[in-house]
1. Just the number, please: Stokes-Einstein D of region 60-202 in µm²/s, Kirkwood Rh from C-alpha pairs, 10 °C, 1.306 mPa s.
2. Could you please report the charge total around Lys321, scoring K, R as +1 and D, E as -1 over all other residues with beta-carbon less than 12 angstrom from its beta-carbon?
3. About the Cα centre of region 138-272, what is the dipole size in debye to 20, counting +1 per Lys and Arg Cβ and -1 per Asp and Glu Cβ, all else neutral?
4. Let me check the size of region 204-329 from its C-alpha atoms; what are the radius of gyration and Dmax in Å?
5. Just want the answer: with Cβ charges of +1 for Lys and Arg and -1 for Asp and Glu, which residue in Pro304, Gly198, Val119 is farthest toward the dipole's positive end in the chain?
6. State, in angstrom, two size descriptors of region 138-272 derived from its alpha carbons: Rg to one decimal place and Dmax to the nearest whole number.
7. Using per-residue counts of other Cβ atoms within 10 Å, averaged over each peptide, order 42-50, 7-15, 56-64, 312-320 from highest down.
8. Among Phe62, Gln92, Phe129, flag the residue with its Cα farthest along the positive direction of the charge dipole of the chain, charges on Cβ as +1 for Lys/Arg and -1 for Asp/Glu.
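The values are calculated or read from the model by the stated rules, or taken from the named source; none is laboratory data. In this text the structure is predicted, and so the values were computed from the model without any measurement. When we count neighbours, we look across all protein chains shown, and the Cβ atoms used for this are built from the backbone with ideal geometry, even at glycine. Each accessible area value is taken on the protein alone, full model and side chains, heavy atoms only, with ligands, DNA and RNA left out. Shrake-Rupley method; radii C 1.70, N 1.55, O 1.52, S 1.80 Å.
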Amino acid sequence: MTTQTMKAITATGYGSPEVFQFTEVARPEPKADQILVKVVVSSATTADTMMRTGKPYIGRLFTGISKPKFPIPGTGFAGVVEAVGADVTTFQVGDRVFGESKLGFSANAEFVAIPESGVVLKMPDNMEFTEAASFADGHLTSYHFLHEIAKVSPGQKVLINGASGALGVSAIQLAKYFGAEVTAVCSQKNSGLVKSLGADYVIDYQVNDFTIADKQYDFIYDTIGKSSFKACQSVLTPTGTYLSPVLGFGLLLDMLKSSFGKGQKARFEATGANTSEVLLPMLQDVLEIFREGRLKTVIDRQFPLEKLADAHRYIDTGRKKGNVIIVHA
Ligand SMILES: NC(=O)c1ccc[n+]([C@@H]2O[C@H](COP(=O)([O-])OP(=O)(O)OC[C@H]3O[C@@H](n4cnc5c(N)ncnc54)[C@H](OP(=O)(O)O)[C@@H]3O)[C@@H](O)[C@H]2O)c1
């Protein structure tokens, strides 16, 4: 039997976007418990750019020490089920699905194989592939931080730093959904965007330092990790929490030190490190908020699959607004 092939991006090692090659590789065969998805749109995220560089080095314990264990990058996907394994019962050929391949990567390719019990759901009829592909980046991560960790409740004050990024644009909408008062920190050029998503107050980081103010917040969600627990302590309530999805030794130390006692806390978590059993119900909850019409996916730029390196170059500028998606031919 001849092996079927597919178009994919593969990384020859860790480094700049030049490590990417657009090439022909063997098409995955779904195992008995897997579905094979023909990818229509995949995502390119800031986290993907970190995986590409292999930095911080500690991440290589999961992604491969000298080169990527899984050479095809990308984790977010939306597409159509092409084939199902013998034991699969919940998906059928032709289903429109979206999800996240976690540390298996491989989404920036024509086809991706995903366990039926993985982070994958059927798409509602009113959902476009373009808005589904990056769902598990900003929406799922910010839901995890604001709902599961912070348990944000009505009337609480939440400040979102990096409000125009992928996690930030989701966080504004989710914090509003949970009934919070939202202050968004972004540059002047993105203030219209964050207001349109529901931010009550906007701070232009190029003019004002949000850590120097009289106001105090129950939660500071620093999506881009440009501030610190120490810098934010005077603008947190006495029992307030500094949350950041950006891994750093200082944050881990603050988290450990603040874990004792009842005062202010610092929190980091890697959402994708949770099991599919934990992530799937969260993704279902976020999808329900989308179905209610309370959550939009903000898309900045789209690139064809063969131009993934250009997508990464753009993300590397640090200027993207919301999400970058990869539209497959
Ligand atoms: N822990 C986890 O589970 C997890 C999951 C997913 C992602 N992440 C991490 O989360 C981080 C955020 O990713 P992202 O995609 O949301 O961010 P992003 O889109 O890469 O952030 C870019 C945005 O940040 C804004 N920005 C830059 N400097 C700023 C500053 N000093 N103050 C306020 N805004 C500023 C930029 O706006 P301007 O152009 O106006 O400056 C731009 O819109 C990444 O490090 C990613 O790896 C972690």
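1. Details: Rh = 17.1 Å.
It comes out at roughly 93 µm²/s.
2. +3
3. Using only the charged Cβ atoms, the result is roughly 120 debye.
4. For region 204-329, the Cα radius of gyration and maximum Cα-Cα distance read 18.0, 55 Å.
5. Gly198
6. Cα radius of gyration and Dmax of region 138-272 are 13.4, 41 Å respectively.
7. 42-50, 7-15, 312-320, 56-64
8. Phe62
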